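Just so it is clear, none of the values below were taken in a lab; they were calculated from the coordinates. Being a predicted model, the structure only gives us computed values, none of them experimental. Cβ: placed from backbone, ideal geometry, glycine included. Neighbour counts: every protein chain shown.
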Amino acid sequence: MGLHSVHAQSSCASDGQPKPVQLVERFINADCESCWRDAATPEAAKNETVLDWVLPGGRGEDAPLSAVASRDGLGRLDALRKTAPAESMWATGAVMPATGASLRVAHGIALSGYIGTSIELMLMPAALKNQRLSAWLALVEAIPSGTEGTPIDRYLVRNVLSVPWNTSRQPASAKAKRFFESRSMSVAQGVNADRLTVIGWVEDASGGLVVAAQSRCPPVAN
């Protein structure tokens, strides 16, 4: 999914956006500055959603990319059952939508170092019955090619939420078969809030991608 213009709005959501058919996750070790600048890095194709995770490096705060590194990426690698690369790697997963499942993600504007986010899954009765699901919501800074030293568009993960959803139990929300989570996520100093978006996805117990969505902010009216 190509990089789009992001603007601060009262609310930005995935409503009306194409549903991603594939999730591409690019992992970079914070020690490897050349990996960030690598023009040969695979880019997103049509209807693909991309995440860029920068992992803590062995050089700690002296790593060239330490300012944008996060341990959240290590947690994501654990979920994928993969080990951290010495330089870079990527993982690709096809989204295999469950019949009737619909995902909505949204976010507000950043205020006082925090931003409101949400992820909502609607289910058909037989679609994901008696399954333990994992919902993921990534707060992402969309960085256009030619800026911040990157020759390609990047979607840098700045914060992440992961919650379990058990479909064998009645959802706590008022609407039947609706799973909903809202959180205020912290926004790190130095993040360009006008570039923020959220990308969400849901996995089944085996790690298969059930559904995914990405928010988009409406254009600012002149």
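What order do you get for Tyr114, Tyr155 when you list them from fewest to most C-beta neighbours inside 10 Å?
Starting with the residue having the fewest Cβ neighbours, the order is Tyr114, Tyr155.
In nm², what is the average projected area of the convex hull enclosing the Cα atoms of the range 18-214?
Taking a quarter of the hull surface, the average projection is 11.1 nm².
Could you count how many Lys pairs in the chain have their Cα atoms under 25 Å apart, skipping same-chain pairs fewer than 8 positions apart?
Total qualifying Lys-Lys pairs in the chain comes to 6.
Got a sec? How would Lys82, Lys46 order by Cβ neighbour count within 10 Å, fewest to most? Intermediate values should be presented prior to the final figure.
Details: Lys82 13, Lys46 9.
Placing the least packed residue first, the sequence is Lys46, Lys82.
Only counting other Cβ atoms within 10 Å, I'd like Met89, Met96 sorted with the fewest neighbours first.
Met96, Met89
Which residues among the range 86-117 fall inside the zone where the amide N is under 20 Å from a point 7 Å beyond the Cα of Gln131, along Cα→Cβ?
Residues passing the 20 Å test: 92-105.
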